[in-house]
C-alpha cells in the first residue's frame, strides 16, 4: 500500500471496532478498519443469546454482529481484511503492519479483543477438539443427549451451562469457589434447571480419555464421567501488538481511561483489551465511540 498517512487505523472488527468505524465515518475521517474474516466479531459471534443489549431484547451473537456490520457498510465504512502483526510509532506517525499490507496513520484505535484462558491441566491440550472446547455455541451441538461439564463461575460459564442444558442429558458446572460470580438473573435460571448439577468448591485436576474425553478428575479425587468439557475461566487480552507502546497492567490489559487514551499519544484502546470494570457488548460499543471522539479531538488540537 502507498505511504499515504491516514487520520486513523482501527484494529478489530468486533463491537468496539465496528462502532469506531461508524463514528469515524460520521466524523469524515480518512481511516481504515482492519479485521480478518476468520475473527469477525470475535467473542460476540460465539455468544448464543444476547439479552442485555438495549432495544433489541434477545438476539443471537452472530445476528447482532451482522447488524453492526450491515450498519457500518450502509454508511460506507472503509473496511479491509488483515490480521495486524505489529504497531509501531516513529516521529509521531503509526505504522500498522499486516501480512499483506502496511498502513500509516496519525492515530490508532486498537480493538484487539481477548481470547479464552486455558485451564492448564493435563489432558486439556491433548483433547482440544476431541471433547475439550472453549465455545458451547460452536461445539455444543455435538453433545446432544450426552453429558457435558463446564468449568468456571462467571457470566460466560453459567451462560454456557444454560445453553448446553437445552440439549445435553446432563450438565455439570465446576467452580472453585462456594458461590458463582455470575449475575443473579443467570444463576436463578441455572438453579432452576433440573439437568444442571453445580459442583462448587472444586477444581479440575485432569481431563481423561483415550481417543476422546471420557471423564474429568477433580482435585479432591472425585471423577465425573463426561463426554465434553467446556472451559470458561476468563480471557487473555490480545494486546501483543501494542504492548511495547502503551502501559499495561499485570495481566496484559492496556491501561486506558474512559476516553480510551493510553500512555502513548495518539493510541486509543477500546473493548475487552483495555482495563475496565465491565466487559460487555454495550460497553465495547461505548468505548469505540469514545475513542473516535477523543482521537478526533487529538487530531484537531
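Coordinate-derived values only; no laboratory data. Worth saying up front: this structure is predicted, and the values here are computed from it rather than measured. Virtual Cβ from ideal backbone geometry, glycine too; neighbours counted across all protein chains shown.
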In nanometres, what is the gap between the two model label sites at residue 56 and residue 179, each 7 Å from Cα along Cα-to-Cβ?
-> 3.2
Along principal axes, largest first, the alpha-carbon spread of the range 57-148 in whole Å comes out as 57, 37, 23
Take residue 4, project a point 7 Å from its Cα along the Cβ direction, then tell me which residues of the range 58-100 have their backbone nitrogen under 14 Å from it.
-> 78-80
Take peptides 27-35, 202-210 and line them up by average Cβ neighbours within 10 Å, highest first, as a rough protection proxy.
-> 27-35, 202-210
With a ≥ b ≥ c the root eigenvalues of the C-alpha gyration tensor of the range 237-301, is it rounded (a/c under 1.5), prolate (a/b larger than b/c) or oblate?
-> oblate
Using Cα pairs closer than 8 Å and at least 6 residues apart in sequence, work out the relative contact order for the chain, in percent.
-> 20
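How big is the antiparallel share of DSSP beta bridges in the chain, given as a percent to the nearest 5?
Values: 25 of 59 bridges.
Of the beta bridges lying entirely in the chain, close to 40 percent run antiparallel.
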How big is the range 190-251 by Rg and Dmax over its Cα atoms, in Å?
-> 17.6, 50
Relative contact order (%) - criterion: Cα under 8 Å, at least six apart; region: the range 72-191 = 15
Tensor-based shape of the range 142-216 (alpha-carbon gyration tensor, a/c under 1.5 rounded, otherwise prolate or oblate) = oblate
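Take 59, 10 and order them by how many other Cβ atoms sit within 10 Å, fewest up front. Before the final figure, lay out each step's value.
Details: 59 14, 10 36.
Exposure proxy ranking, most exposed first: 59, 10.
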Rg (Å, one decimal) plus Dmax (Å, integer) for the alpha carbons of the range 106-250?
-> 16.6, 57
Please give the helix 15-26 orientation as an angle from the longest Cα principal axis of the chain, in degrees from 0 to 90, rounded to the nearest 10.
-> 20
Could you work out the helix-only [θ] at 222 nm for the chain, with each DSSP H run of four or more residues adding -39,500 (n - 2.57) and the total divided by the number of residues, to the nearest 500 deg cm²/dmol?
-> -7000 deg cm²/dmol
Could you work out how far the C-alpha centroid of the range 240-257 sits from that of the range 127-177, in angstrom?
-> 31
Compute the Cα gyration tensor for the range 232-272, then decide on rounded, prolate or oblate, letting a ≥ b ≥ c be the square roots of its eigenvalues: rounded whenever a/c is under 1.5, prolate when a/b is larger than b/c in the other cases, and oblate in all that remain.
-> prolate
